[in-house]
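Just so it is clear, none of the values below were taken in a lab; they were calculated from the coordinates. Bear in mind that the values here come from a model prediction, so they are computed numbers and not experimental data. Quick reminder, even Gly has a Cβ in these numbers, built from the backbone with ideal geometry, and neighbours come from all protein chains shown.
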Amino acid sequence: MSNLTCECGHVNPRGTIVCESCGKPLGTNDKQEKLLDMKYEGVARRSQTYTTTFIDKVWMFFSSVKVGIWIIVITLLASALGTIYPQEMYIPPSVRPEDYYAAEYGFTGQLYYQLGFHNLYSSWWYMLLIASLGVSILIASIDRFFPLYRALKTQRVTRHANFLKRQRVFGTSEVKDIDESFDVVKKKLKEKKYSISEENGNLVAEKGRFARWGPYINHIGLIIFLIGCMLRYFPGMYVDEHMWIREGETTVVPTTGGQYHIGNEEFIIELYDEDDYVFGEAMQRAGGPIVRTYQTNAVLYERENTGAVGSEGDLVEIDRAEIRVNEPMKFDDFALYQVDYKLHELNSMSFVLEDKETGETFGQIDIDLFNPESVYDLGEGYRIEIREYFPDFVMSSSNVPSTRSQIPDNPVFIFEMFTPDTPEGEVSFVGIRTNLEPMGENDFKMTFVDVETKHVSALIVRKDYTLPILIIGGFIFMIGLVQGSYWAHRRIWFQRIDGKVWIAGHTNKNYLALRKEIDYVISDTSLSAPVDQVEEEEVNNKS
Amino acid sequence: MAAISSNFLLFAFFVYLLATIAFTVSITGKKWRDKQGEMTGNRWGFFGFLLSILGSLLSIAYFITRWIHSGHAPVSNMFEYMTFLGIAIGFAFVIIYAIYRSNYLGLFTMPIVMLIIAYGSMFPGEVAPLIPALQSIWLKIHVITTAIGQGILAIGFVAGLIYLIRTIDFTEANKQTRSLEFVLYAILSLVGFILMGSIFNAMNYEANFAYINENGMEAEMTYTLPALVGPNEGQLLTEGVMSPIVHAPAIIVANDLNTVIWSLFSGFVLYWVLRFVLRKRIGAAIQPILKGVSPQAVDEVSYRAIAIGFPIFTLGGLIFAMIWAQIAWTRFWGWDPKEVWALITFLFYAAYLHLRLSKGWHGEKSAWLCVIGFAIIMFNLVFVNLVIAGLHSYAL
Ligand code: HEM
């Protein structure tokens, strides 16, 4: 590896454009007339120094900003692609995706589905894009940060004439008393919060160097954030479980291994008043009731630790909360969110056994629709047996009675009624508003008396160990972003060369603002303002 | 209170109009002499600046009174959000003007502010109740911050537009001139939409149709503009109104499509009338007004606006959005179209910053990117909200 030794004696790594110490442009860079490429102070980076092995090539690839921008743009386009049709998670749960896309959107929908775009954001190639984005950010930052840091640390006050001449903002002026002018300039520079270094009567004023670290800090934040996102693919990092809980019920909180139980004491829902003075007009247009709030009055229990193996401790109440949307209940690392509800779910039904002829009744049975008993003994020889129970009755395609689910949305019973008069039993088929006698005319019937309903509350159980990492990443990202965006790194050199004063300025952004500042700094001296060489060139090209 | 609040907004609108006039005079009017007798331009630019501050103050008054009236921050439906975006562009202008004192920027920004506020006012403006998920302080913080960020990014768009009109060579027809004219046409279509909507609204125009909807059911649909495109198998129920020329298939929301056609059509008419009157491309007609603009300077203004707006947008549109989503929807990210388009906006401006900083995309390329960036923002607000409605849809 051949290094480049500058006139001033400083040894620079190969690939360096400007000497890290005195700023003299090196090698062929010195011959040209163009402005200096001041990116990263013209330092050599690993990606330029080592270019032979496979690892070097990979490093070069990912450290390239061009490649980085392509990765960003491709990610952008891919993300947009996923919004053309709804993702699978947003289509109605009752339909099959293979039918849905074709039925809803025709041929293009079918294609969308077949290309896997209905699950685009969890596809392997989208993940790969995000991963390469992370790798690119990491490598590009390492590649640039260390040399940049070194160059800004080792820079000298006095710069080579060719360095000054080829800065974007540059000018020379002749003044009678240089020292006096410099004193004025120094005072004004201090006013503008520049820190000033002097060497042999030359000045460099610098401010906002810390802004140069902004991109690196924000990139670190991004990487931490992306790592946090990737951690979600490891089991156990987070919990996301849906649960239904009825009023009055207490059940175990899923994924807590039986340690926590939750009770729903009451579910409350409140609607907006349709005659509301403020909202009335909007509600009329919406044309229906609008929910104001709903909540579960929850009690949290923890199982006592008895210490003895095999014996379960009692449930002990440890907390109470009103869980509403936007107001989850938190305990341990868990959070319970209110997400949905179902009003008036059937809970129990009551029937009486009735003599069809006389209308005489023989005792009432109350059936718990979630846990019906198989026999209800009414005494004195009267007895009801439940032969079959379909909580959510439907006639299957082969015309066999069956149930859709265990939720009693349409309960149907096949009862067998035993009385002293009919000891062999009579069969009846009873549901909501149906009462059939499939085995022939009966003497007795089950008469519907009452039904009890309950509200059911839907909660989501959440635990997420990646959140702290995401928060830290996001926080660091924002700090770096603000640091790099709201401050600029500015340097102004004032140098005495051949009895003249040379002024050169450099900033990483916003040259106009830099020039305004220079104008202010020299305003009480006879120094003439340096010009923006890029602007000059543009004007010259035009005319 | 509701009336007071609307009046404040109306006043703000007119103050922005006055500011536009002041900035126009500052550029086209006579130059004044200062104490030393030198020509230094006139004071109208400063008046314009004061008026824009007054406009912002009146907007704040609108915002606060409406907040008090409804009990929640007025950023929860299309009307409220759009007007707030207009207000935010006004704020952003005040900030950027304070740094760069560019009257040209005022001349272009003030009309855009008015346009966006007027556009917002086309949506139903009554105070709507909030469903439970929207009743969160984080939602308000998220939306307000996002709008301010977008407002500042919009200044980048305006400066980019000025750059393009200032520098593009209009003597030939090529990709640049055509694209720029297209941008101006898009703005005119927005004007057209507002004009058509206001005119027919003032006439209380309404046409009802019975039609067959996408589920094969009979339904009714109301048009507030004359129907060029009627709904699927639509039968006019209102008498004495125009009957449609064609009928849309059932899967298309026909009255929305009709509105879009009217906007594009009236924009088209406006564009060609202007072009006929001016006898040249609209950009070419504006160009002479901008001859005093330094391209370097507007280029820097546009970049500065984006550099200021990007962190604020990121904070509001992604970070606060995630905090709210975590609390309200139990997960910080759900790949909902609105979220995805916020991410796209973020990625787009990130690409812009890298192209500019590391690939030296200054001047024209950079200006085009600013225009596209703002188009993405508007797309997210309008199209994604109204058409690909997800969780965040404001349309009640
Ligand atoms: C979405 C992801 C990214 C974001 C949000 C981001 C953000 C930023 C920001 C805000 C800046 C400062 C720009 C300015 O001040 O104008 C920056 C600079 C930079 N970024 Fe990124 N970046 C991302 C991805 C990448 C990637 C993939 C690369 C890989 C090549 C990269 C390489 C750089 C470099 C080399 C700089 C300049 C550093 C300097 O001036 O010292 N960035 N980035």
Notebook entry, point to check: Looking only at B:THR314, B:THR224, B:THR146, which one moves most when chain B is put into a Gaussian network model with springs between Cα atoms under 10 Å?
Noted result: B:THR224
Next item on the list: Could you check which residue among B:PHE346, B:PHE200, B:PHE46 shows the biggest mean-square fluctuation in a GNM of chain B with a 10 Å Cα cutoff?
Entry: B:PHE200
Checklist line | Burial ordering of A:TYR520, B:TYR119, fewest other beta-carbon atoms within 10 Å first | finding: A:TYR520, B:TYR119
Notebook entry, point to check: Any idea what % of Cα-Cα pairs in region A:340-438 are farther than 21 Å?
Noted result: 36 percent
Next item on the list: Quickly estimate the mean residue ellipticity at 222 nm for the protein assembly as shown, helices only: each DSSP H run with n ≥ 4 gives -39500 (n - 2.57), and the total goes over all residues, rounded to 500.
Entry: -15000 deg cm²/dmol
Margin query: Quick check on the exposure proxy: order A:VAL95, A:VAL65 from fewest to most C-beta atoms within 10 angstrom.
Written below: A:VAL95, A:VAL65
Notebook entry, point to check: In degrees, nearest 10, range 0 to 90: what is the angle between the Cα axis of helix B:295-313 and the longest Cα principal axis of chain B?
Noted result: 50 degrees
Next item on the list: Give me a single rounded figure for B:122-133: the average over its residues of other chain Cβ atoms within 10 Å of their Cβ.
Entry: 6
Note to self: Strictly over 28 Å apart at the Cα level, which of A:LYS165/A:LYS186; B:LYS280/B:LYS338; A:LYS500/B:LYS291; A:LYS34/A:LYS187; A:LYS192/B:LYS140; A:LYS342/A:LYS463 would you flag in this model?
What the structure shows: B:LYS280/B:LYS338; A:LYS500/B:LYS291; A:LYS34/A:LYS187; A:LYS192/B:LYS140
Next item on the list: Using Cα positions and a limit of under 19 Å, work out the aspartates and glutamates in reach of A:LYS193, with same-chain residues fewer than 8 apart set aside.
Entry: A:ASP183, A:GLU206, A:GLU517, A:ASP519, A:ASP524
Next item on the list: Determine the equivalent ellipsoid of the protein assembly as shown by diagonalising the alpha-carbon gyration tensor, then write out the semi-axes as square roots of 5 times the eigenvalues, largest first, rounded to whole Å.
Entry: 67, 37, 25
Notebook entry, point to check: Unpartnered cysteines of the protein assembly as shown (Cβ-Cβ under 4.7 Å counts as a partner)?
Noted result: A:CYS229, B:CYS370
Item checked: Cross-link partners of B:LYS175 among aspartates and glutamates (Cα-Cα below 20 Å; sequence separation of 8 or more within a chain) -> B:GLU364
Next item on the list: Could you state the angle between the C-alpha long axis of helix A:511-521 and the longest principal axis of the C-alpha atoms of chain A, as a value from 0 to 90 degrees rounded to the nearest 10?
Entry: 50 degrees
Check: Where does helix A:467-486 land angle-wise versus the long Cα axis of chain A, in degrees 0 to 90, nearest 10?
Finding: 30 degrees
Notebook entry, point to check: Can you pull the percent of Cα pairs in chain A with separation above 40 Å?
Noted result: 57 percent
Note to self: What number does region A:277-402 give for Rg over Rh if you use C-alpha atoms and the Kirkwood radius?
What the structure shows: 1.14
Next item on the list: For each of A:ARG387, A:ARG159, A:ARG46, count neighbouring Cβ atoms within 10 Å of the residue's Cβ, then give the residues from fewest to most.
Entry: A:ARG387, A:ARG46, A:ARG159
